[in-house]
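Worksheet for the structure shown next.
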Amino acid sequence: MRVRARHRARKSIYDPVHGPIALEGVPLALVSTPAFQRLWGIRQTGFAHLVFPGANHTRLEHSLGAFSVAQRMALALERPSVDVETVAAAALFHDVGHGPFSHTLDGPMEEVLGYGHEHLSRLEVLGLGDRPGKDPVPAILEGGGLSPRAVAGLIDPATDRERRSLLRAVLHGPVDADRIDYLQRDAHYTGVAHGAIDAARLLDTIESEGGRLLFAEKGRSALEGFLVGRSLMYRSVYYHKTVRAAEVMLQAAVERVPGYPDRARPFFGLTDGDLLASLRVAGGRGAQTVDALLERRLFKRVGGIPRAGPSLSRRLQEMLRAPASRRQREAELAERIGAPDGTVLLDLAGFESRTGSAELAEIALREHGQVTHPFAEAPWDRLLLRPSTPYSVALYAEPGWRGPAEERLLRRLDDLL
């Protein structure tokens, strides 16, 4: 009698961006966990599908792509197998803490929970999430010879040593596996060509020295394309005015749910559809906003303030630190035109979202035998550090109140804020 040999389970997933992605052992077990499977229900680009109808890809797809790229980067750097497996596992789970519609609810999450999605991902990896003691993730990692703390440290570093490690730069740095995947993936599904970067060249020219990432001289054009593509994708897709309209609407719906902030605590573990259903059940202004989102009756951008002066900047910083003060200002603006609270909203994305000069200074090239940092200098700094939106603060209004908001609020917006 012939006995069939037992083979280690192995699966291959065909990805439209990277081609076949092989999964076996720890990664295969991780993708089967409830925490990872939840990502099927979260759109990668939030509300970008309202402008780019093809953008219905999910966080799960992106996580698989980041896993593939991180694995290839670590192999290109000739890291030991345990390092390759650790950073690949971290890439696979780096986004499991995302709330519904991805980054849309980052602000409310910080306000309600006191931390962001990276920390929630860390808790899942350590088995300290919503079901402590029942989450299989730590056991899966340990069973494969990996340290849950090492994986968690790459996702959400707890020490300076973790923050400055080479593997952390593979997952989260100026040119990392996360961005290499999402720029290509989002370009593919939106149809916007700006994110079509030369990932193969980047991976072919990656090196390390003294525990830091750098790129060979022949990779400079690929780096330039990556940085320009990233800047253009933020301006044309992620911060498109209509996408931002939907995002501030959903944020307003969550912030105005009866019993906020306590009642909102469970929201961040839901999928997109479950959140919309929960807001509808909660009633009030939020339910009306959800109906408007589903029927694509979006708020209109009335205008804004292109550049905030010192006094306004201080007030905007206070609104970012204390979102309740922003909501109070929104209620006052609505009252000035006789509108209900929640019909006039402020968008501070142009004030808070900038690529830091320190981040550009981290990008290193080996040119003529020397390590250089060319992207922190003109003209790159002027191109790459420009805001993603034309306004430091933008004013959005429900369509029926757009006229009154433009006539009675926009011209005096600086003073009213």
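Among the listed residues Gly219, Gly211, which satisfies the condition of being of a type in the set (Gly, Ala, Ser) and either crowded, with 17+ Cβ neighbours inside 10 Å or at pLDDT 95 or above (or both)?
Within the list Gly219, Gly211, the selection yields Gly219.
Of the residues that sit in region 93-106 and are part of a helix (DSSP H, G or I) and either over 12 Å from the mean Cα position of the chain (by Cα) or charged (D, E, K, R) (or both), which one is farthest from Arg256 (Cα to Cα)?
Here is the first cut: in region 93-106, the residues part of a helix (DSSP H, G or I) are 93, 103-106.
Pick out the ones that are also either over 12 Å from the mean Cα position of the chain (by Cα) or charged (D, E, K, R) (or both) and you get 93, 106.
Details: Phe93: 31, Asp106: 16 Å.
Checked region 93-106; the qualifying residue farthest from Arg256 (Cα to Cα) is Phe93.
What number goes with the only condition from (1) under 21 Å from Ser68 (Cα atoms); (2) surrounded by 20 or more Cβ atoms within 10 Å (Cβ to Cβ); (3) of a type in the set (Gly, Ala, Ser) that Ala246 does not pass?
(1) is the only condition that Ala246 fails.
Could you check region 75-104 and list, in sequence order, the residues that are in contact with a His (Cβ under 9 Å, 6 or more places away or on another chain) and more than 20 Å from Gly65 (Cβ to Cβ)?
The one that is in contact with a His (Cβ under 9 Å, 6 or more places away or on another chain) and more than 20 Å from Gly65 (Cβ to Cβ): Gly99.
With a cut-off of at least 1 residues that are more than 30 Å from Arg263 (Cβ to Cβ), name the helices (runs of 4 or more DSSP H) lying wholly within region 107-209.
137-143, 148-155, 160-163, 166-171, 177-190, 199-204
Taking Ala405 and the conditions (1) aliphatic (A, V, I, L, M); (2) modelled with pLDDT of 90 or more; (3) out of contact with any strand residue (DSSP E or B) (no Cβ under 6 Å at 6 or more places or on another chain), which numbered condition does it fall short on, given that it satisfies the others?
Of (1) aliphatic (A, V, I, L, M); (2) modelled with pLDDT of 90 or more; (3) out of contact with any strand residue (DSSP E or B) (no Cβ under 6 Å at 6 or more places or on another chain), only one is false for Ala405: (3).
Here is a yes/no grid of residues against (1) buried (at least 16 other Cβ atoms within 10 Å of the Cβ); (2) within 21 Å of Leu345 (Cα to Cα); (3) of a type in the set (Val, Ile, Thr):
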{"site": "Arg256", "(1), (2), (3)": "yes, yes, no"}
{"site": "Phe268", "(1), (2), (3)": "yes, no, no"}
{"site": "Leu275", "(1), (2), (3)": "yes, yes, no"}
{"site": "Ser278", "(1), (2), (3)": "yes, no, no"}
{"site": "Val281", "(1), (2), (3)": "no, no, yes"}
{"site": "Gly286", "(1), (2), (3)": "yes, yes, no"}
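Each row is one residue, and each column tells you yes or no for (1) more than 23 Å from the chain's Cα centre (by Cα); (2) not polar (S, T, N, Q).
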| residue | (1), (2) |
| --- | --- |
| Gly210 | yes, yes |
| Tyr238 | no, yes |
| Thr242 | no, no |
| Ala245 | no, yes |
| Arg265 | no, yes |
| Leu270 | no, yes |
| Leu279 | no, yes |
| Gln288 | yes, no |
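Within region 361-382, does at least one residue satisfy the condition of being out of contact with any strand residue (DSSP E or B) (no Cβ under 9 Å at 6 or more places or on another chain), in contact (Cβ under 8 Å) with a residue 12 or more places away in the chain and within 22 Å of Tyr239 (Cβ to Cβ)?
yes
So Ser311 passes all but one of these: (1) without any contact (Cβ under 8 Å) to a residue 12 or more places away in the chain; (2) part of a strand (DSSP E or B). Which condition number does it fail?
Tallying (1) without any contact (Cβ under 8 Å) to a residue 12 or more places away in the chain; (2) part of a strand (DSSP E or B), Ser311 fails exactly one: (2).
Specify which of the listed residues (Val84, Val69) is within 23 Å of Ala199 (Cβ to Cβ), more than 18 Å from the chain's Cα centre (by Cα) and either part of a helix (DSSP H, G or I) or of a type outside the set (Gly, Ala, Ser) (or both).
One residue alone meets the criteria, Val84.
Filter region 210-233 down to the residues that are hydrophobic (A, V, I, L, M, F, W, C) and part of a helix (DSSP H, G or I), then identify the one that is nearest to Gln370 (Cα to Cα).
Among those that are hydrophobic (A, V, I, L, M, F, W, C) and part of a helix (DSSP H, G or I), it is Leu223.
Taking the conditions exactly as written (assigned to a helix (DSSP H, G or I) and out of contact with any helix residue (DSSP H, G or I) (no Cβ under 8 Å at 6 or more places or on another chain)), does Arg244 satisfy them or not?
Numbers: assigned to a helix (DSSP H, G or I): yes; out of contact with any helix residue (DSSP H, G or I) (no Cβ under 8 Å at 6 or more places or on another chain): no.
Judged against the criteria, Arg244 is not a match.
Yes/no per residue for (1) under 25 Å from His188 (Cα atoms); (2) aromatic (Phe, Trp, Tyr); (3) at pLDDT 95 or above; (4) in contact with a Pro (Cβ under 7 Å, 6 or more places away or on another chain):
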{"residue": "Arg235", "(1), (2), (3), (4)": "yes, no, no, no"}
{"residue": "Lys241", "(1), (2), (3), (4)": "yes, no, yes, no"}
{"residue": "Ala246", "(1), (2), (3), (4)": "yes, no, yes, no"}
{"residue": "Met249", "(1), (2), (3), (4)": "no, no, yes, no"}
{"residue": "Gly259", "(1), (2), (3), (4)": "no, no, no, no"}
{"residue": "Leu270", "(1), (2), (3), (4)": "no, no, yes, yes"}
{"residue": "Leu276", "(1), (2), (3), (4)": "no, no, yes, no"}
{"residue": "Gln288", "(1), (2), (3), (4)": "no, no, no, no"}
{"residue": "Leu298", "(1), (2), (3), (4)": "no, no, yes, no"}
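For (1) among the aromatic types (Phe, Trp, Tyr); (2) part of a loop (DSSP other than H, G, I, E, B); (3) in contact (Cβ under 8 Å) with a residue 60 or more places away in the chain; (4) under 21 Å from Ser325 (Cβ atoms), each residue gets a yes or a no:
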position: Gly259; (1), (2), (3), (4): no, yes, no, yes
position: Arg265; (1), (2), (3), (4): no, no, yes, no
position: Leu279; (1), (2), (3), (4): no, no, no, no
position: Gln288; (1), (2), (3), (4): no, no, no, no
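Looking at Arg336, Arg329, which is the one that is of a type outside the set (A, V, I, L, M) and touching a strand residue (DSSP E or B) at 6+ places or on another chain (Cβ under 8 Å)?
Going through Arg336, Arg329 in turn, the sole match is Arg329.
The values are calculated or read from the model by the stated rules, or taken from the named source; none is laboratory data. Just so you know, these numbers come straight off a predicted model, no measurement behind them. We place every Cβ from the backbone using ideal geometry, glycine too, and count neighbours over all the protein chains shown.
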